[in-house]
1. Scan (1) within 24 Å of the chain's Cα centre (by Cα); (2) away from the ligand (no atom under 16 Å from the Cβ); (3) farther than 20 Å from T102 by Cα for the single condition K308 breaks and write down its number.
2. When you scan segment 56-91, how many residues do you find that are part of a helix (DSSP H, G or I) and surrounded by 22 or more Cβ atoms within 10 Å (Cβ to Cβ)?
3. Those residues that are touching a strand residue (DSSP E or B) at 6+ places or on another chain (Cβ under 8 Å) and surrounded by fewer than 19 Cβ atoms within 10 Å (Cβ to Cβ), I need them from segment 92-113; list them, please.
4. Go through (1) touching a strand residue (DSSP E or B) at 6+ places or on another chain (Cβ under 7 Å); (2) open to solvent by 40 Å² or more (accessible area, probe 1.4 Å) one by one and return the number of the condition A150 breaks.
5. Exactly one condition in (1) aromatic (F, W, Y); (2) buried (at least 17 other Cβ atoms within 10 Å of the Cβ); (3) farther than 23 Å from A76 by Cα is not met by Y162; state its number.
6. Name the single residue, out of those in segment 114-129 being part of a loop (DSSP other than H, G, I, E, B) and not polar (S, T, N, Q), that is surrounded by the fewest Cβ atoms within 10 Å (Cβ to Cβ).
7. Look at segment 296-306 and say how many of its residues are outside any loop (DSSP other than H, G, I, E, B) and surrounded by fewer than 18 Cβ atoms within 10 Å (Cβ to Cβ).
8. Any residue at all in segment 25-44 that's surrounded by fewer than 16 Cβ atoms within 10 Å (Cβ to Cβ), touching a strand residue (DSSP E or B) at 6+ places or on another chain (Cβ under 9 Å) and outside any helix (DSSP H, G or I)?
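The values are calculated or read from the model by the stated rules, or taken from the named source; none is laboratory data. Keep in mind the model is a prediction, meaning the values are calculated, not measured. As a convention, Cβ positions derive from the backbone with ideal geometry for all residues, glycine included, and neighbour counts pool all protein chains shown. Accessible surface is based on the protein model in full, side chains and every heavy atom, while ligands, DNA and RNA are left aside. Shrake-Rupley method; radii C 1.70, N 1.55, O 1.52, S 1.80 Å.
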Amino acid sequence: MEVRNQSEIKTKVTQVSFIDLKRQYRQHREEILGLIDNILSSGTYILGDVVENFEKNAAKYLGCKYVLSVANGTDALILIFKSLNIGPGDEVILPTNSFVATAGAVAAVGATPILCDISNDLNLDVAQLQALITKKTKAIIPVHLTGRPAEMDKINEIAKQYSLFVVEDAAQSIGARYKNAMTGTLSDAGCFSLHPLKNLHVYGDGGLISTNNDKLYADIKLLRNHGLVNRDTCMRWGLNSRLDTLQAGIANFSLSYIEKWNNQRRHMAAIYRDTLKNVIETPSDKSHEHSVYHNFVAFAEKRDELMKFLLSKGIETKIHYPIQIHLQPAAASLGYKLGDFPTAENIAERMISLPIYSELLADEQEYVIETILRFYRG
Ligand SMILES: *Cc1c(COP(=O)(O)O)cnc(C)c1O
């Protein structure tokens, strides 16, 4: 009987999850358990050298003066708004197609989210920004959705003209570049999320704030730690919003891999683009962009049927986002209705997020591609 080497038997892929977080842990298990043991043995579980070291490394990576770690990406936005004195009576402009937290953070400080339509790149439609600015407008929040940079030059130019703050929601875009500068460093401050689903993540919640502004840095350093200047003196009512020391250690480890992981995503995006461009509309970078494909969002005809077909073949896909912010029940008091944001609503009917993550195997991606081609070519 012929005995074949185990590695020669190629198992046929029949199932592809949208994401599998266990794989990255399995690949780096020894290293991660080692650093967890070091931190647990050190006796410092909140703040300390590990946190400071991570923040320094993150600032160096992003090319900005300061990084502060916080409890999550939503708190990052809230803390930035607080330090900019954005609150009741103020308006903040943001895209309607984002994760709900962008609007939730504005509402959390008592300000009013003002929604804006998007362009085909899924980011703020800058042509519509100016019409939304009123005497109450305090800030614009571009979201670099899917890891693709928003049009920062135009946004900053408009903000300057009206003396508005710009706060980047870079929760999905760590490592993405706009004209060679990192997203999150192109405005007054940037927010990042370290949620397990994000490109740079920890094993729980986490967030970062990037800024070049000395005052903002000093403010938020106090605010994230109860407003305490030292153990006993509270200068200003603050929050408890720190990144656990343990998670900072993990984040620091992950930071050394982020370029590699992002490049793997970019490579997979290029393969999707090359193989699928004749059947679905795929995203591609403009010459001044370097996207990190937190999600690979394509536009597809017969999208719902496609998703159903893929699922029947074991392939999970998603929609980012099926209910846009203006149509969320929580947004009812803002007074928006269906039809208010035609581009976003049109895109919502066609968009599909395909599996993309650094541990996705070539065979698995091939299976996704073949199955999509089969759907359209019959
Ligand atoms: C994930 C995300 C957030 C919130 O980050 P958390 O860490 O989950 O609080 C905010 N904005 C966008 C665009 C996100 O994708």
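1. Single failed check for K308: (1).
2. Here the count works out to 12.
3. A107, T112 - these are the residues of segment 92-113 that are touching a strand residue (DSSP E or B) at 6+ places or on another chain (Cβ under 8 Å) and surrounded by fewer than 19 Cβ atoms within 10 Å (Cβ to Cβ).
4. Unmet for A150, out of (1) touching a strand residue (DSSP E or B) at 6+ places or on another chain (Cβ under 7 Å); (2) open to solvent by 40 Å² or more (accessible area, probe 1.4 Å): (2).
5. Failed condition: (2).
6. Filtering first and then ranking leaves D125.
7. 3
8. No: segment 25-44 contains no residue that is surrounded by fewer than 16 Cβ atoms within 10 Å (Cβ to Cβ), touching a strand residue (DSSP E or B) at 6+ places or on another chain (Cβ under 9 Å) and outside any helix (DSSP H, G or I).
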